[in-house]
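Below is one structure; the comments refer to it alone.
Nothing in this text is a laboratory measurement; each read-out follows from the coordinates by a stated rule. Here the structure is a predicted model, which means the values were calculated and not measured. Please note: Cβ atoms are built from the backbone with ideal geometry, for glycine as well, and neighbour counts cover all protein chains shown.
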Amino acid sequence: MEHPAAALQASPPTPLPEGVGGEIGGAARLSARFRSGAGGMTRRLALAAALIAAAGPALAGEPGSGGVLYDRYCASCHGFDGFPNLPGTPDFSRGESLLKSDPELIAAIRFGVLAMPGFDQIIDREGMIDVVFYIRTLQR
């Protein structure tokens, strides 16, 4: 049985069915190679594992300590319940403000956004993860 990594080696492009024209490129070609041939299930599992690994690790936070940090540093603008006290401040009680990924929210806390200062010298990375975890609990 062929090792799943063998399918990742460079190969010529897979042509489209006759009459369609052109060639499949990039990820579509890789996906097509994983779907076809013997060992297709193994290839699909290897592709799924590679895509999950590329997405990065899931972040786990502690909402209790995140809540303490949020109340201390964030609530004066973002509100204790996530409903903002200042115009133009993201509303964490609604989902739109939380559509960003955890790393994007951590970067906003670390470096600041618009009028919001950065907290990289005040809150450590684990604390920022805890704050992100906590603000996700404010959504109604």
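The figures follow:
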read-out: Cα pair count fraction exceeding 21 Å, expressed as % - region 63-137; value: 12 percent
read-out: Contour excess over end-to-end distance, with Cα ends at Leu99 and Gln121 and 0.36 nm allotted per residue; value: 5.4 nm
read-out: Ascending count of other beta-carbon atoms within 10 Å, so fewest first, for Ile122, Ile106, Ile135; value: Ile122, Ile106, Ile135
